[in-house]
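Below you'll find the structure, written out as structure tokens, and then a few comments.
The values are calculated or read from the model by the stated rules, or taken from the named source; none is laboratory data. Predicted model only: the values in this text are computed from it and were never measured. Cβ coordinates were reconstructed from backbone atoms using ideal geometry, including for glycine residues, and neighbour counts include every protein chain displayed. Areas reflect the complete protein model, heavy atoms only, side chains present, ligands, DNA and RNA absent. Shrake-Rupley method; radii C 1.70, N 1.55, O 1.52, S 1.80 Å.
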Amino acid sequence: MAIVRNLTLALSSLVAGVSAFAADAPAPASGGSNGVSGVTQAAVASGVLACASRINQVALFISNGNPSSAALFGNATEPDQRLTSLSMEISPRDGPSAYASASFAPNQANGCGAVYEAIVYWPQNCDTVASKQFGNAKKGPTLHKSVLTLETSGPTRIFLMPAGSGCVSIKKEVVL
């Protein structure tokens, strides 16, 4: 709890006038010079304290230092006790843009539960994407008809879905 209070105190001087949830303007998701993402600042300003450090961890991991922005969603009533979610666009310097979504649940056994999905369209077919982008993952079963599952160690799965002549990858991870 001391970490959250310190984070809150550090952020309170950085954030002004952010309305509670369904933010009007995207917040930068990548880290500032203080290592705190803009989306974390917006969450704290909206009253989300219990998941602030987890939101920062996930936002910085997903953006990986690339330019990005996010929209924050939640409940204006008891925001620190309710599910909070964000949608991000990440624009890597050397690859296609990605859409990512993350959700955060306070009051879990680990303090704040989190799950994220990162979605990218690749112009190559799914077999090529599987070998070139996710070479360390093991091919798993097809979900139903055409969505291939790639398995990794831990709570991460990658789903590859044909899209025209290309492929959409969906990486999903439960953050432990």
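Quick look at the numbers
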item	result
Matching entry among Val147, Val129 (being of a type outside the set (Lys, Arg) and either within 21 Å of Asp94 (Cβ to Cβ) or touching a Lys or Arg at 6+ places or on another chain (Cβ under 7 Å) (or both))	Val129
Criterion violated by Asn66 - all others in (1) open to solvent by less than 30 Å² (accessible area, probe 1.4 Å); (2) closer than 17 Å to Ala42 by Cβ; (3) not small (Gly, Ala, Ser) satisfied	(2)
Test: residue in region 72-80 that is in contact with a Pro (Cβ under 8 Å, 6 or more places away or on another chain), touching a residue at least 12 places away in the same chain (Cβ under 8 Å), among the aliphatic types (A, V, I, L, M) and surrounded by fewer than 23 Cβ atoms within 10 Å (Cβ to Cβ)	no
Those residues of region 60-84 which are part of a loop (DSSP other than H, G, I, E, B) and over 14 Å from Tyr99 (Cα atoms), in sequence order	Gly65, Gly74, Asn75, Ala76, Thr77, Glu78, Arg82, Leu83
Residues satisfying the stated conditions in region 113-122, i.e. free of Cβ contacts under 8 Å to residues at least 60 places away in the same chain and within 15 Å of Phe61 (Cβ to Cβ)	Tyr116, Glu117, Ala118
Set Ser101, Ser97: member being open to solvent by less than 50 Å² (accessible area, probe 1.4 Å), touching an Asp or Glu at 6+ places or on another chain (Cβ under 9 Å) and either small (Gly, Ala, Ser) or under 19 Å from Ser46 (Cβ atoms) (or both)	Ser101
Residues of region 81-94 classified as closer than 16 Å to Val48 by Cα and open to solvent by 40 Å² or more (accessible area, probe 1.4 Å), total	3
Region 98-112 residues that are more than 21 Å from Ile170 (Cα to Cα) and touching a residue at least 60 places away in the same chain (Cβ under 8 Å), paired with ones that are open to solvent by less than 30 Å² (accessible area, probe 1.4 Å) and in a loop (DSSP other than H, G, I, E, B) (beta carbon under 7 Å, 6 or more apart)	Cys112/Cys51
Filter result for the condition that a residue is touching a Ser or Thr at 6+ places or on another chain (Cβ under 6 Å), at pLDDT 95 or above and surrounded by fewer than 17 Cβ atoms within 10 Å (Cβ to Cβ), over Pro123, Pro162	Pro162
Ala23 vs. criteria modelled with pLDDT under 95, open to solvent by less than 50 Å² (accessible area, probe 1.4 Å) and part of a loop (DSSP other than H, G, I, E, B)	yes
